[in-house]
Amino acid sequence: MGQTEKKNTEKRIQIYQSNDLVEAIYEDDLTATEHKIIRYAAGKIVKSPEHFPNVSFSVSEFIKAAGLSGNSYYGKVSKIAGELTKKRIMIKTESKVGWFPWFKGIVYEGGMVHIQFNEVIEPYLINLTEHGRYTKYDFPTIGSMQSPYTIRLFELLQQYGKIQKRTFKLDKLKEHLGVGDKYKQYGHFKSRVLLKAQEELNDINVLTFTFNEVKQGRRVDQIEFDIKIADPIPIEGNVKEAEIKKFLEEARPLLKQYGYEVPNRVVKTWTIYGIDELRYVLQDIHANNRSISRIDAYITTILKSRKNEFEKSAQQVHADDYLTKKRIIEFIQAQQGQGLTPKWMLLNDFVAHMEAYNYTKDEIEALFDNNMDYIVKSTRPH
């Protein structure tokens, strides 16, 4: 199986929830990490419904799927294992109202999370496509969200994405978000929940919203949301979620430095070119004082053009995507002029070079095997 085929089989986790579950009222104020663990577990069980009510995953797998980084999540997950089974939601349908927790039990052991779902929740997660009343999204969409209220508001608005409008009584919205007794003053709720969620969702740019306050006398009684679902832009090549996140973290301040605002969904598509290419294009625009009306379209065009020129000169490099080819060429250029290097030493250096870009050991060895002759020939002194 080739690299492209192998990666395409590793489908990203999608979250499916019945609309009744999306509409649930949260008894407790959950953290963003708690929400993410619940959704990831739900996505895993939807992907393999025959395993219900049991699901297991590693913390490292969870972090990778969410596009997160850092070791702090191991401690957070360990703490959550002792808390999350106590926290309940209320699901209300036309015929009944019920309070129950998502999980019967959670065990954290050696970096692994073992979860047993509450059986009551099964009809709200599994076989939903047969009934049509469900909301879905890709799990990485909520991965970078810092506020738990952003996650909940995103789900509540995503459900009405096709209608593009949704109105809540203020008190009912607070119940759905799990705010509890926090932010009794509307001004605090607006700044710390609504505007924070608006800012986070604008950055992610999958779903965005504006809102209008409907008053009863001097008091805000309802919130009217206008919802916009962004058209997805496909990302070429085999780019990992962690790599997209890292590129965004570097690209956004770089664009800001040059005075440009480009939606994240567009910037993500530039990941395949690498941050050095984006930096080169921005420096060229600045140096030549170019006046450009559509900066995102211009940058995309130049990046594609430079990519096409590069690939003409890298036809002997065997890799599935442009960025990997570039990294192999970078390795060759770094090795040139260092004298005759044994193959085993070249392999060691190649492994170190590619591991810095988060390639797996199997991927690195396959790339070296497929390009060994070209690497040895290109690095051999003339």
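Only the coordinates and a few stated rules stand behind these numbers; no lab work does. This structure is a prediction, so every number in the text was calculated from the model and none was measured. Please note: Cβ atoms are built from the backbone with ideal geometry, for glycine as well, and neighbour counts cover all protein chains shown.
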Which aspartates and glutamates, on any chain, are close to LYS361 with Cα under 20 Å apart, when same-chain ones fewer than 8 places away are left out? GLU5, GLU10, GLU61, GLU241, GLU243, ASP320, ASP321, GLU330, ASP349, ASP369, ASP373
Say the cut-off is 20 Å between C-alpha atoms; which of LYS86/LYS169; LYS36/LYS79; LYS87/LYS136 go over it? LYS86/LYS169; LYS87/LYS136
So how strong a dipole does region 235-309 carry about its Cα centre when Lys and Arg Cβ are +1 and Asp and Glu Cβ are -1, to the nearest 20 debye? 140
Placing +1 on each Lys and Arg Cβ and -1 on each Asp and Glu Cβ in the chain, then taking the dipole about the Cα centre, the residue among ILE227, PRO49, GLN338 whose Cα reaches farthest towards the positive end is ILE227
Exposure-ranked with fewest Cβ neighbours within 10 Å first, HIS188, HIS353 stand as HIS188, HIS353
How far is helix 361-379 tilted, in degrees, relative to the longest principal axis of the Cα atoms in the chain, given as a value from 0 to 90 rounded to the nearest 10? 20
Cα gyration tensor of region 35-93, axes a ≥ b ≥ c as square roots of the eigenvalues: rounded (a/c below 1.5), prolate (a/b > b/c) or oblate? oblate
Where in region 98-180 are there trypsin sites (Lys or Arg not before Pro) that are in a DSSP coil and have at most 12 other Cβ atoms within 10 angstrom of their Cβ? ARG133, LYS162
With +1 on the Cβ of every Lys and Arg and -1 on the Cβ of every Asp and Glu, the dipole magnitude of region 314-382 about its Cα centre, in debye rounded to the nearest 20, is 320
Among LYS182, LYS377, what is the fewest-to-most ranking by other Cβ atoms within 10 Å? LYS377, LYS182
Can you tell me which of GLU130, GLU277, GLU155 moves the most in a GNM of the chain? Springs connect C-alpha atoms under 10 Å apart. GLU130
Say we join alpha carbon atoms closer than 10 Å with springs in a Gaussian network model of the chain; which of TRP99, TRP270, TRP344 then has the biggest fluctuation? TRP344
Mean ellipticity per residue at 222 nm, deg cm²/dmol - from DSSP H runs of n ≥ 4 across the chain, formula -39500 (n - 2.57): -14500 deg cm²/dmol
Label-point gap, in nm, between LEU170 and HIS51 - each point 7 angstrom along Cα→Cβ: 4.5
Could you list the trypsin sites (Lys or Arg not before Pro) in region 263-320 that lie in coil according to DSSP, counting only those with at most 13 other Cβ atoms within 10 Å of their Cβ? ARG290, ARG294
Let's see if you can work this out: charge +1 on each Lys and Arg Cβ, -1 on each Asp and Glu Cβ, no other charges. What is the dipole magnitude of the chain about its Cα centre, in debye to the nearest 20? 960
